[in-house]
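Colleague: Please see the structure below; I have some questions.
What follows draws every value from the coordinates through simple rules; no lab data is involved. Nothing here was measured: the structure is a model prediction, and the numbers come from that model. Reconstructed Cβ throughout: ideal geometry from the backbone, glycine too, with neighbour counts over all protein chains shown.
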Amino acid sequence: MKNEIKELRELKKSFLYALKGFFYCIKNERNMRIHIVFAVFMFTFSLFFKLTGLEYAVLFLTIGMVIFCEIINTAIEALVNLSSPAYNSLAKVAKDVAAGGVFLSSIVAVFVGIALFGKPEKLNCALCVVFSSWHSVLLFVLILGFGILFIFKSFKLKISNKAIGVDEVKIYKPKKNKNFNFKY
């Protein structure tokens, strides 16, 4: 019985560590916040389109892929900063390739969005609902404003690293050495 309780505690800890990592990305990575805002908008928008189960599966997998790539990119950047405190062209390659993976997944997400939401008759109906009354326009503007605040201000002001259980991390971004001009 004690072993099972210990295993449950360890499992709980592992989930908490994962959540801390996720919230670290949200707090410290503006691009993660951009992806989350777009994901919320796409999900909300999908409600007007009455997507099929398969279409929702594609939508959620695509959203998950983009957010996963951003998390991996953040992890790679942290590891590169840790292992290469001075400018290093290979460190730049690692960071650029990781960012390229996020960019590629975002481009795929745009095409998936076009495939799912590029139906003119349904798009017109959704826009008619959004702009049908001043209440819905106001709600749309408020949601859009909240999204912009979330992206640029929210987590910098409201959530401390201690609140999510992460020690303060200062990221060193080395300046390029003018004497070292290696291109990859």
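Colleague: Pulled fully out, how much extra length does the chain show between LYS2 and ALA115, if you take 0.36 nm times their separation in residues and subtract their Cα-Cα distance?
Modeller: 35.4 nm
Colleague: What whole-number value in cubic angstrom gives the convex hull volume per residue for the C-alpha atoms of the range 25-158?
Modeller: It comes to 115 Å³ per residue, whole-number rounded.
Colleague: Normalised by the residues of the range 1-134, what does the relative contact order come to in percent, with Cα pairs under 8 Å and at least six apart?
Modeller: In percent, rounded to a whole number, it is 28.
Colleague: Report the label-to-label distance for LYS13 and ILE76 in nanometres (one decimal), using points 7 Å from each Cα along the Cα→Cβ vector.
Modeller: 3.0 nm
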